[in-house]
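Everything below concerns the one structure shown next.
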Amino acid sequence: MISYLAKRVAVLLASTATAGVVVFAFMALLPGDPAEVALGVNATPEAIEALRRQWGTDRPPLTQFLDWIGGLAAGDFGVSYVTSSPIGQQIGERLGVTLTLVVGGMMIALIVAVPAGTFAAVHHRNPLGALISAASQVGIAVPAFLAGILLVFVFAVQAQALPSGGYVPLTEDPSMWFQSLLLPWLSLGLVQGAVLTRYVRSAVLEVMREDYLRTARAKGRGRMGALWRHGLRNAAIPVVTVLGLQLATLLIGAVVVERVFVIPGLGDLLLNGVAQRDLLLVQGVVMVLVVAVLLVNFVVDVAYAVLDPRLR
């Protein structure tokens, strides 16, 4: 197990370094000059050159990359081109909001998918099981932002039961904090729950056909009892892998959902940085999102080894 973990950590570090190179190269290839955007069309060449020297964008790309990646290793993301404030501080203020949104969406997805997928598998010959499968198939086709718009129309515009947007910090008003995040949670969780339901159903169906489950039934256990005692852990192995992919999808989906519901998270910060041509800020946010996805994949690999003794 120690050898397995060491290999996964090495892969994580190598992937992070590669991601840093790709993110920096992609930003460097984008057209336009941040100094020209910041100073406007009437700026003189001397002023533009002075601002480039101040920001360090006049240096060779390799030097800029080494300074940037070295700063990241020390926890220094640099200073925003637009606001002149530390980028790490801005990311830290927004990261908690995005993580809360992603974790809440995943919890709703699990609450929906595990019982629904299990029920649809156990009753796959039942009309109700077929109905759950059909509903999950429809849910897969609905993007998160569209689900958010529909939820706003139903619960905010028609029922007027929940706010249509905005964010209230937990420390200010826990009740309003929950209400401001409920619709974003649902818009992410229901869509991902529909996807996850299909995988849970498929995994449970496959386990139900195994010989060891038939043996448990023959020894007197009921269908749900045998599945609970002997089947769910084995069914969880492929589901955990999909769950890691779903978490990565939730991180990307949160970028759009934050814009729909006017939530000040990393997605909002990223889109504002793109609009203002604040490339150093965009680099920092993208790198944080990439590292978050890599960490999720690392945790999934470890969980996979815990669940599956064959890997140990």
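On the given criteria, is residue 111 among the aliphatic types (A, V, I, L, M) and surrounded by 20 or more Cβ atoms within 10 Å (Cβ to Cβ)?
Spelling it out, it is not the case that residue 111 is among the aliphatic types (A, V, I, L, M) and surrounded by 20 or more Cβ atoms within 10 Å (Cβ to Cβ).
Give me the helices (runs of 4 or more DSSP H) completely within the range 209-312, filtered to those with at least 2 residues that are at pLDDT 75 or above and under 13 Å from the mean Cα position of the chain (by Cα), ordered by residue number.
Of the helices (runs of 4 or more DSSP H) lying wholly inside the range 209-312, those with at least 2 residues that are at pLDDT 75 or above and under 13 Å from the mean Cα position of the chain (by Cα) span 232-260, 266-275, 279-307.
Out of (1) in a loop (DSSP other than H, G, I, E, B); (2) more than 19 Å from residue 144 (Cα to Cα), what's the single condition that is false for residue 176?
(1)
Here are the criteria: (1) free of Cβ contacts under 8 Å to residues at least 12 places away in the same chain; (2) farther than 27 Å from residue 263 by Cβ. Tell me which single one residue 85 does not satisfy.
Of everything listed in (1) free of Cβ contacts under 8 Å to residues at least 12 places away in the same chain; (2) farther than 27 Å from residue 263 by Cβ, residue 85 misses just condition (2).
Residues of the range 94-108 being in contact (Cβ under 8 Å) with a residue 24 or more places away in the chain and open to solvent by 40 Å² or more (accessible area, probe 1.4 Å), which ones?
Correct list: 94, 95, 100, 107.
I need the full set of residues from the range 142-157 which are assigned to a helix (DSSP H, G or I) and either closer than 20 Å to residue 250 by Cβ or over 27 Å from the mean Cα position of the chain (by Cα) (or both), in order please.
144, 145, 146, 147, 148, 149, 150, 151, 152, 157
Determine whether residue 166 is small (Gly, Ala, Ser) and either surrounded by 15 or more Cβ atoms within 10 Å (Cβ to Cβ) or more than 21 Å from residue 257 (Cα to Cα) (or both).
On the way: small (Gly, Ala, Ser): yes; either surrounded by 15 or more Cβ atoms within 10 Å (Cβ to Cβ) or more than 21 Å from residue 257 (Cα to Cα) (or both): no.
The answer is no for residue 166.
Counting only residues that are farther than 21 Å from residue 276 by Cα and in contact with a Gly (Cβ under 8 Å, 6 or more places away or on another chain), give me the helices (runs of 4 or more DSSP H) lying completely in the range 1-80 with at least 2 of them. Even if it seems obvious, please write down each step before you answer.
Numbers: elements: 2-29, 34-39, 45-55, 61-73.
Ranges flagged: 61-73.
If a residue has to be within 29 Å of the chain's Cα centre (by Cα) and touching a residue at least 40 places away in the same chain (Cβ under 8 Å) to count, how many in the range 124-141 make the cut?
8
For the range 46-69: of the residues being more than 18 Å from residue 26 (Cα to Cα) and either within 31 Å of the chain's Cα centre (by Cα) or of a type in the set (Asp, Glu) (or both), which is surrounded by the most Cβ atoms within 10 Å (Cβ to Cβ)?
Per the criteria, the residue is 49.
If I ask for residues that are modelled with pLDDT of 85 or more, open to solvent by 30 Å² or more (accessible area, probe 1.4 Å) and either within 16 Å of residue 60 (Cα to Cα) or not aliphatic (A, V, I, L, M) (or both), which ones from the range 10-27 would you list?
Those that are modelled with pLDDT of 85 or more, open to solvent by 30 Å² or more (accessible area, probe 1.4 Å) and either within 16 Å of residue 60 (Cα to Cα) or not aliphatic (A, V, I, L, M) (or both): 15, 16, 18, 21, 25.
Residues of the range 28-45 being farther than 22 Å from residue 79 by Cβ and open to solvent by 80 Å² or more (accessible area, probe 1.4 Å), which ones?
Selection gives 29, 31, 41, 42, 45.
Checking residue 69 against (1) within 23 Å of residue 194 (Cβ to Cβ); (2) touching a residue at least 24 places away in the same chain (Cβ under 8 Å); (3) of a type in the set (A, V, I, L, M), only one condition comes out false. Which one?
Residue 69 satisfies all of (1) within 23 Å of residue 194 (Cβ to Cβ); (2) touching a residue at least 24 places away in the same chain (Cβ under 8 Å); (3) of a type in the set (A, V, I, L, M) except (1).
The values are calculated or read from the model by the stated rules, or taken from the named source; none is laboratory data. This is a predicted model, so every value here is computed, not measured. Every residue, glycine among them, receives a Cβ derived from its backbone with ideal geometry; neighbour counts consider all protein chains shown. Accessible surface areas use protein heavy atoms only, side chains included; no ligands, DNA or RNA. Shrake-Rupley method; radii C 1.70, N 1.55, O 1.52, S 1.80 Å.
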